[in-house]
Amino acid sequence: MIDFLIYSGYLFLLINLILYTYSFFRKRKANVFFICYLFFASIMQITMEFMYHLKFDNLFVINIFVIGQMILLSLFYASILKLQSQRKIVKHSICWALLILSVQFFIDKEQFLKFNLFAITITSLLIVAFALLHFYNMLTDHKTYYYITIAVIFFMFGSTILYLVGNLTLSLSNDVKYLSWKLNAFLFLIYQLFILYEWKISFSKKTYLG
């Protein structure tokens, strides 16, 4: 069951990458930062899966992934936020987050090589904050990247909680550990389906609202 969820998520991630890339290059639509995020996420997921099958420790890749994810999704939201002040908040927040994480890694290099709950939490919550800011703007403006934003909010919240639980269950039974990863794989699949639905609504038609 978990393999089906995981590989289905990977499949829809690649489909989304292809569709959004097509919309960007052929139709001059879609956001370049979001496409970069999909490409980066695809590379990271393939890398983690490859290392897992080779029985290599891939926990440090998760740290690279969450930091890269924060940067690209933050730049995505900064590029679609209407107010200059909001864009400045996003960019300054990225810089502060990177500075804080750099200090943590400098003080304790081992934090980069293990399950870093602090990095996961701070990066995910920043993305959620920016997504909520865009969602607030959409209350009085056009609904651009509406379904993606909903998916980002719920996936980042849910995934962060499951990462925290997953770290606590490392010493527990396999059944408890696998339940956490199953739920995370399910959330990732739903996340990708929402992204696909956004493409269908906003990019597959002749009229584009964003």
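Can you list the residues of region 23-62 with backbone N under 17 Å from a point 7 Å past the Cα of LEU11, pointing along Cα to Cβ?
The answer is 46, whose backbone nitrogens lie closer than 17 Å to the label point.
Go ahead and set up a Gaussian network model of the chain, Cα springs under 10 Å, then flag whichever of ILE153, ILE107, ILE161 fluctuates most.
ILE107
Taking a cut-off of 17 Å between Cα atoms, list the aspartates and glutamates near LYS55, but don't count ones fewer than 8 places away on the same chain.
Of all the aspartates and glutamates, those that pass the test against LYS55 - Cα under 17 Å, at least 8 places apart if same chain - are ASP3.
I'd like the distance separating the alpha-carbon centroids of region 97-169 and region 58-96, in whole Å.
Centre-to-centre distance over Cα atoms comes out at 9 Å.
Between ILE46 and PHE24, take the C-beta separation as r, use R0 = 22 Å, and let me know the FRET efficiency to the nearest 0.05.
Here the calculated transfer efficiency is 0.55.
Would you mind checking LYS88/LYS109; LYS82/LYS143; LYS29/LYS143; LYS143/LYS200; LYS29/LYS91; LYS82/LYS200 for any pair whose Cα atoms are more than 21 angstrom apart?
Too far apart for the 21 Å limit: LYS88/LYS109; LYS29/LYS91; LYS82/LYS200.
In Å², what does the accessible area per residue of the chain work out to with a 1.4 Å probe?
55
The values are calculated or read from the model by the stated rules, or taken from the named source; none is laboratory data. The structure displayed is predicted, hence computed values, not measured ones. Glycine also receives a Cβ, built like all others from the backbone with ideal geometry; neighbour counts cover every protein chain displayed. Protein only, heavy atoms only, side chains kept; ligands, DNA and RNA dropped before computing areas. Shrake-Rupley method; radii C 1.70, N 1.55, O 1.52, S 1.80 Å.
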